[in-house]
Each structure stands twice: as structure tokens, then as C-alpha cells.
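Q: Below is a structure I'd like to ask you about.
The values are calculated or read from the model by the stated rules, or taken from the named source; none is laboratory data. Predicted, not measured: the structure shown is a model, and the values here were computed from it. With ideal geometry, Cβ positions are generated from the backbone for all residues, glycine too; neighbour counts draw on all protein chains shown. Remember, those area values only see protein heavy atoms, side chains included, never the ligands or the DNA or RNA. Shrake-Rupley method; radii C 1.70, N 1.55, O 1.52, S 1.80 Å.
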Amino acid sequence: MSVSIPYSLPSITDLEQQYAADAAQFGWGARCYEYIDRFEELFARYSGAEHAIATSSCTGAIHMGLVSAGVGKGDEVILGDTNWVASAAPITYVGAKPVFVDIDESSFCLDPRRVEAAITARTKAIMAVHLYGNLCDMDALQDISERYGIPIIEDAAEAIGSSFKGSIAGSIGLFGTFSFHGTKTVTCGEGGMLITNDSRIASSVRTLNNHGRASGAHRAFWPETIGYKYKMSNIQAAIGCAQMERIDDLVSRKREILAYYKAALIEYPQIKLNPEPEHTVNGAWMPTVVFDKELPLNLEKIIDAFHQQKIDARVVFWPLSTTGLFTDTKAENKIAAITQKRAINLPSYHDMTNSEQDRVVDVIRTLLAS
Ligand SMILES: *Cc1c(COP(=O)(O)O)cnc(C)c1O
């Protein structure tokens, strides 16, 4: 029997091991911020953003970004219903309410027409989450943002390597956030980053990130405000530095894997994979197949077929409005609901072989023939 195919694994080379070992041996005392500073610099340069602040998670970065953008009690933040809970949870941390709107069928990202219809006097931000590497329709969202005077914030945790009209995903809104969890294209084990061109947001996040101590403050142990502790450690940042030196390879390998699936399945109009509209680049974090709703398939059957071949394919995110965790949302988001039952994430780790990809393709072919 063939060996199992995991759904994701990081790409760790000698460079990551070397930097991590160096940080573990020497990165203390006066040198305890060296890799963190370097990681932030590398990330700012890559993203084109003026400020990059490393955090212990993307969730923490979103939390501090929301506080810094003035989102608080009673406010509303609009986001797509199909999302990982980490995008929505920080909205509740600040006492605001996530408002879930239906998604665009092809990108899985929030549908701008639904966004506009959901705006109220309490709407404080529109959260553009670029799901699976697919980009939100930033032209339409920016138009809404300007007409209503409501900022866009970007959760680009899944969109490293994606860009919209030449701008890196995450660098377009008031601030953007990234995750370096072990499943993401770039990893530190755990970790996150907030980028922004707004110096007021940057300085607020830096302060909140370090127990409310202002950076450059001359009085030791003096908090300016009640902050948080979402800083990244130097050892995590060391791994991040190695990954950022390899970023172009990491992203192009992800894109290659998606392209291979697309080419192998090109003769099947009954399925769709991640879109890449004109003027955009899809970083291809997670190749995702959507099966046409006319096909005689259901989610159990699809998952079963993969598991029988020892392939760890995963369901896409549940519509968050259906989890019961966000009680006062009465969303009825049909496309989010249908998509959850018809779509599946395919394995896409960097070191995957062509013959492993062929095994995944064979399962899809068999399903389509059934
Ligand atoms: C992974 C992910 C997060 C959470 O990142 P953490 O670093 O685990 O906090 C948030 N949003 C999206 C879209 C993600 O994919």
C-alpha cells in the first residue's frame, strides 16, 4: 500500500536550521532582538510596506490592528462568511461584532455587493481576507471604502506571494496581517506580522505589542497604556529570516504545484481550481477544487475517496455564521453554504513529488467518473 500524503508541511532547509541554532546559541542579552529586527526589515522590503511588526501570531496582529484602528464596543466589522475563526475572533476581543456576508463563488472571498448592502452607521471596517491565496476584488472594495469612508483591513495570512495590480496582498488596506503557522507558505513554527504605511497605526501596534511600553521610552518598565504581549521570539524570527531569504522559491513552488493540478485536470469543466484574474498573481497557498453542484457527489463521498487513498484532503472553512459562536448574526449566505459542501483543499507542500500529485489527480478523476 502506498504511503500517506499529508496536506501540508513546511519547507525547512539547512539555512533555517543554521539560523535557529545560531539564535539559540548566541541570540541572547544584547543580541536578543537581532533576528527580529532583521525579519521585520526583510518583510517590509518584500511587501513594500513602510512598517512591519513581528508578532507571536496573526490573530494577535489582527487584535492589535483593530484596537489601533479604533474599532471597539458596539462597532461592526464586515467579512466573508467562509473564513477561519481566527479572522473573526479578534473582532469580538475588542467588543465589536463580525457581520458575515456571502462570498464570491470563484474566489471564496467576500462579495463586494453584499458588503455594500451590509453597511450600517456602526460599520467601522471591512476585513478583506484573501482566502487560499485568492484575492478579494480590491477595486470594488476600495470604491466602497472611499464612498463610505470606511477603511479596508486585510488578513493576508493565506496570501503571501499574491498581488493585486502590482501591490502585494496585505499592503493595500489600512493594515495587513500575516501568519507563519506551520501550515503557511512561510513559517516560523508560530508567528505573525502586521504591515502598514500608517505611522500612527505602526506606533500604536508597537506599543501594544510590548505590554503598552512605548518604543524608545527612556523610563524603564513604564507602561503608557494597558497593552498586550504578542511579541515574536528571536528564535522564531531566525527561522523567519531564512524563509524570507527563500521567499521567491517558496512562492514559486506553491504556484507550480497549483499549475500542475490545473494542467492535469484541464479537461474537466465540471470542476474549478483557484482563479487568477487579470492583473493579479495568486500565491497559491492552498489548491482548492470546487465540484459543480450538478455532480452526484457529496462531501462525505469526496473525503472518503481521498482517505481511502491515504490522502489528507481537507474540507474548506465552515460558514462562521453557522457555528453558533457569533449568536446575533442571522446570516443566510447560500454560496458560502453550498461551497462548503462542494469543495476540498488538496495537499500542496513544497517537497511534494509529481507522482504524489498524480495520486491526488487520480482520485478526482475517479470521482468525476462515478
Ligand atoms: C492561519 C490564519 C490565521 C491565524 O493565524 P495564527 O498565526 O494561527 O494566529 C488568521 N487568518 C487566516 C486567514 C489564516 O489562514
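Q: Which ones in the range 277-309 are in a loop (DSSP other than H, G, I, E, B) and open to solvent by 80 Å² or more (accessible area, probe 1.4 Å)?
A: 278, 279, 293, 294, 296, 309
Q: Can you find a residue that is open to solvent by 30 Å² or more (accessible area, probe 1.4 Å), away from the ligand (no atom under 16 Å from the Cβ) and not in a strand (DSSP E or B) anywhere in the range 130-137?
A: There is at least one residue in the range 130-137 that is open to solvent by 30 Å² or more (accessible area, probe 1.4 Å), away from the ligand (no atom under 16 Å from the Cβ) and not in a strand (DSSP E or B).
Q: So, in the range 146-168, exactly how many residues are part of a loop (DSSP other than H, G, I, E, B) and within 11 Å of the ligand (Cβ to nearest atom)?
A: 5
Q: Would you call residue 205 within 16 Å of the ligand (Cβ to nearest atom), within 19 Å of residue 36 (Cα to Cα) and part of a loop (DSSP other than H, G, I, E, B)?
A: No; evaluated as a whole, the condition is false for this residue.
Q: Pick from the range 38-90 the residues that are among the polar types (S, T, N, Q) and either within 15 Å of the ligand (Cβ to nearest atom) or at pLDDT below 95 (or both): which of them is nearest to residue 123 (Cα to Cα)?
A: Within the range 38-90, the match that is nearest to residue 123 (Cα to Cα) is 87.
Q: Which of the residues belonging to the range 53-88 are over 16 Å from the mean Cα position of the chain (by Cα) and among the small types (Gly, Ala, Ser)?
A: 68, 69, 70, 72, 74
Q: Right, another one. Within the range 186-199, can you find the residues that are within 11 Å of the ligand (Cβ to nearest atom), on the phi < 0 side of the Ramachandran plot and not β-branched (Val, Ile, Thr)?
A: Selection gives 188, 190, 192, 193.
Q: Follow-up. What's the number of the condition residue 219 fails, among (1) over 29 Å from residue 67 (Cα atoms); (2) surrounded by fewer than 17 Cβ atoms within 10 Å (Cβ to Cβ); (3) basic (Lys, Arg)?
A: Failed condition: (1).
Q: Can you pull out the residues in the range 6-32 that are at pLDDT below 95 and of a type in the set (Asp, Glu)?
A: Within the range 6-32, none qualify.
Q: Of the conditions (1) touching a residue at least 24 places away in the same chain (Cβ under 8 Å); (2) over 30 Å from residue 338 (Cα atoms); (3) out of contact with any Gly (no Cβ under 9 Å at 6 or more places or on another chain), residue 72 fails just one. Which one is it?
A: (3)
Q: Of everything in the range 115-127 that's open to solvent by 10 Å² or more (accessible area, probe 1.4 Å) and not β-branched (Val, Ile, Thr), which residue is nearest to residue 87 (Cα to Cα)?
A: Of everything passing the filter in the range 115-127, 124 is nearest to residue 87 (Cα to Cα).
Q: Do you know which residues across the range 171-185 are away from the ligand (no atom under 11 Å from the Cβ), among the hydrophobic types (A, V, I, L, M, F, W, C) and in contact (Cβ under 8 Å) with a residue 60 or more places away in the chain?
A: 174, 175
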